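Colleague: Got a structure here, written out as structure tokens. Questions coming.
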Amino acid sequence: MKDLRVIFAGTPEFSVPPLRALLDGGVNVLAVYTQPDRPAGRGRKLQMSPVKQVALERGIAVHQPQSLKRDPAAVDALRSLKADLMIVVAYGLILPLAVLQAPALGCVNVHASLLPRWRGAAPIQRAVLAGDRHSGVCIMRMEEGLDTGPVYHRIETPMAPRETGGTLHDRLAELGARALMEALPGIADGSLAATPQDETRVTYAHKLTKEEAAIDWTAAADAVERQVRAFDPWPVAHTQLEGTTLRIWEAAADLERTATEPPGSVTQADKRGIEVATGRGILRITRLQPAGKKPMSAGDYLNARDLGGVRLG
């Protein structure tokens, strides 16, 4: 594997475990491609990506083109590295055909779903939102289409009962690193075949928006609970309380109970939680965040606020 010449392309925290696995495994990473530094935080100072931080710590050359699709010089620079393989993990830029064909063995992607289910930008959150019982990672040969390439290797994992977008993200990042290192020798020597995806089973994981995190209290309680878990840590499920936004961090559904009050009505509130009527069942909120405040338990919130007769939404 030391003879394998690799380019790594990735940007967020999800990309870090696979990059570290390659470097710790002695793979010859010629260069790292990551998105340009972006303004972040209250001061809007330029901040480097997590992948760039690791690359600089390990003395790896970093490239940050604004685009590979519209910058022939950037493509020429990548081609000049004469890589055997390019490994892409949540890079965030479109790779044109010229880039996909530049490495001798092409490009492979670590994708956070069990393809062909959840092709696209937000497979982790969509899996939680849909109530999937299993998730996983795939090592896929990249094509011009969106996550359409044949799959070299996959690892499946059951969903935890209280899985959130954040916990699944962290588990799949580590699982992706493991899957990559398991598949890499076979990809390098040509002994590992890639299996075409079943096009009859395709679903798409569209990009998340803040708007879809608004809670619809006419939905069933279990659907609202999945919304709370899927959108943790972003964009965070929320509702309106007397003109202010209330973010909901933790909640549990009870479909066995029914309420006579309209959906969104607070039916009971004590230190155990805030119970809200939904279209079917009751949702008990146990952790929330008022506007301008830090997240807190429902009990702490109720110490300063009476929710008797209140309707959310």
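The values are calculated or read from the model by the stated rules, or taken from the named source; none is laboratory data. Keep in mind the model is a prediction, meaning the values are calculated, not measured. So basically every Cβ, Gly included, is an ideal-geometry build from the backbone, and we count neighbours across all protein chains shown.
Colleague: Kindly indicate the residue of region 28-66 that is among the polar types (S, T, N, Q) and in contact with a Leu (Cβ under 8 Å, 6 or more places away or on another chain) and also surrounded by the fewest Cβ atoms within 10 Å (Cβ to Cβ) among those meeting that condition. If you could, list the steps in order and put the result at the bottom.
Modeller: Step one: list which residues in region 28-66 are among the polar types (S, T, N, Q), which gives 28, 34-35, 47, 49, 53, 64, 66.
From the residues that got through so far, the ones that are in contact with a Leu (Cβ under 8 Å, 6 or more places away or on another chain) too are 28, 35.
Values: ASN28: 14, GLN35: 20.
Ranking the candidates gives ASN28 first.
Colleague: Might you check whether a residue that is more than 24 Å from ALA183 (Cβ to Cβ), crowded, with 16+ Cβ neighbours inside 10 Å and more than 25 Å from the chain's Cα centre (by Cα) occurs anywhere in region 81-94?
Modeller: So in region 81-94, the residues more than 24 Å from ALA183 (Cβ to Cβ) come out as none.
Checked region 81-94: no residue is more than 24 Å from ALA183 (Cβ to Cβ), crowded, with 16+ Cβ neighbours inside 10 Å and more than 25 Å from the chain's Cα centre (by Cα).
Colleague: If you check ALA223, ALA193, ALA179, ALA188, which single one turns out to be part of a helix (DSSP H, G or I) and closer than 22 Å to THR148 by Cβ? Walk me through it before giving the result.
Modeller: Working: ALA223 fails: closer than 22 Å to THR148 by Cβ; ALA193 fails: part of a helix (DSSP H, G or I); ALA188 fails: closer than 22 Å to THR148 by Cβ.
Residue meeting the stated conditions: ALA179.
Colleague: Check whether at least one residue in region 229-236 is hydrophobic (A, V, I, L, M, F, W, C), part of a strand (DSSP E or B), out of contact with any Cys (no Cβ under 7 Å at 6 or more places or on another chain) and modelled with pLDDT of 95 or more, and report yes or no. Walk me through how you get there before you give the answer.
Modeller: Going through region 229-236, the residues hydrophobic (A, V, I, L, M, F, W, C) turn out to be 230-231, 234, 236.
Remaining after also requiring part of a strand (DSSP E or B): none.
Checking region 229-236: not a single residue is hydrophobic (A, V, I, L, M, F, W, C), part of a strand (DSSP E or B), out of contact with any Cys (no Cβ under 7 Å at 6 or more places or on another chain) and modelled with pLDDT of 95 or more.
Colleague: Considering each residue of region 264-300, count those that are out of contact with any strand residue (DSSP E or B) (no Cβ under 8 Å at 6 or more places or on another chain) and within 17 Å of ARG226 (Cα to Cα), and give that number.
Modeller: 0
Colleague: Pick from region 29-69 the residues that are in a loop (DSSP other than H, G, I, E, B) and over 24 Å from PRO18 (Cα atoms): which of them is modelled with the highest pLDDT? Steps first, please.
Modeller: Applying the first criterion (in a loop (DSSP other than H, G, I, E, B)) to region 29-69 yields 34-37, 41-44, 48-49, 58-60, 64-69.
Narrowing the set further to residues that are over 24 Å from PRO18 (Cα atoms) leaves 41-44, 69.
Details: GLY41: 80, ARG42: 79, GLY43: 82, ARG44: 85, LYS69: 92.
Of everything passing the filter in region 29-69, LYS69 is modelled with the highest pLDDT.
Colleague: Only one of these is surrounded by fewer than 19 Cβ atoms within 10 Å (Cβ to Cβ), over 22 Å from PRO290 (Cβ atoms) and modelled with pLDDT under 95: THR260, THR148. Name it.
Modeller: After applying the criteria, what remains is THR260.
Colleague: Which condition does ALA74 not pass, out of (1) within 24 Å of ASP170 (Cβ to Cβ); (2) crowded, with 16+ Cβ neighbours inside 10 Å, if it passes all the others?
Modeller: (1)
Colleague: So, of the residues in region 298-312 that are buried (at least 16 other Cβ atoms within 10 Å of the Cβ) and of a type outside the set (Ser, Thr, Tyr), which turns out to be nearest to ILE274 (Cα to Cα)?
Modeller: Let us first name the residues in region 298-312 that are buried (at least 16 other Cβ atoms within 10 Å of the Cβ), namely 298, 301-302, 307, 311-312.
Cutting the leftovers down to of a type outside the set (Ser, Thr, Tyr) gives us 298, 302, 307, 311-312.
On the way: ALA298: 6, LEU302: 9, LEU307: 9, ARG311: 12, LEU312: 11 Å.
For region 298-312, the residue satisfying everything is ALA298.
Colleague: Something else: Just to be sure I understand, how many residues within region 293-313 are modelled with pLDDT of 95 or more and in a loop (DSSP other than H, G, I, E, B)?
Modeller: The qualifying residues number 4.
Colleague: More than 21 Å from GLY309 (Cβ to Cβ), part of a strand (DSSP E or B) and modelled with pLDDT of 95 or more - does that describe any residue in region 276-283?
Modeller: Yes, some residue in region 276-283 is more than 21 Å from GLY309 (Cβ to Cβ), part of a strand (DSSP E or B) and modelled with pLDDT of 95 or more.
Colleague: Between a residue in region 191-217 that is closer than 17 Å to TRP118 by Cα and any residue that is aromatic (Phe, Trp, Tyr) and in a loop (DSSP other than H, G, I, E, B), which pairs come within a Cβ distance under 6 Å, given they are 6 or more apart or on different chains?
Modeller: From residues that are closer than 17 Å to TRP118 by Cα, the pairs are THR203/TRP118; ALA205/TRP118.
Colleague: Further question on the same structure: Considering every residue within region 247-255, establish whether at least one is closer than 29 Å to ALA291 by Cα, charged (D, E, K, R) and either at pLDDT below 95 or surrounded by fewer than 17 Cβ atoms within 10 Å (Cβ to Cβ) (or both).
Modeller: Scanning region 247-255 turns up at least one residue that is closer than 29 Å to ALA291 by Cα, charged (D, E, K, R) and either at pLDDT below 95 or surrounded by fewer than 17 Cβ atoms within 10 Å (Cβ to Cβ) (or both).
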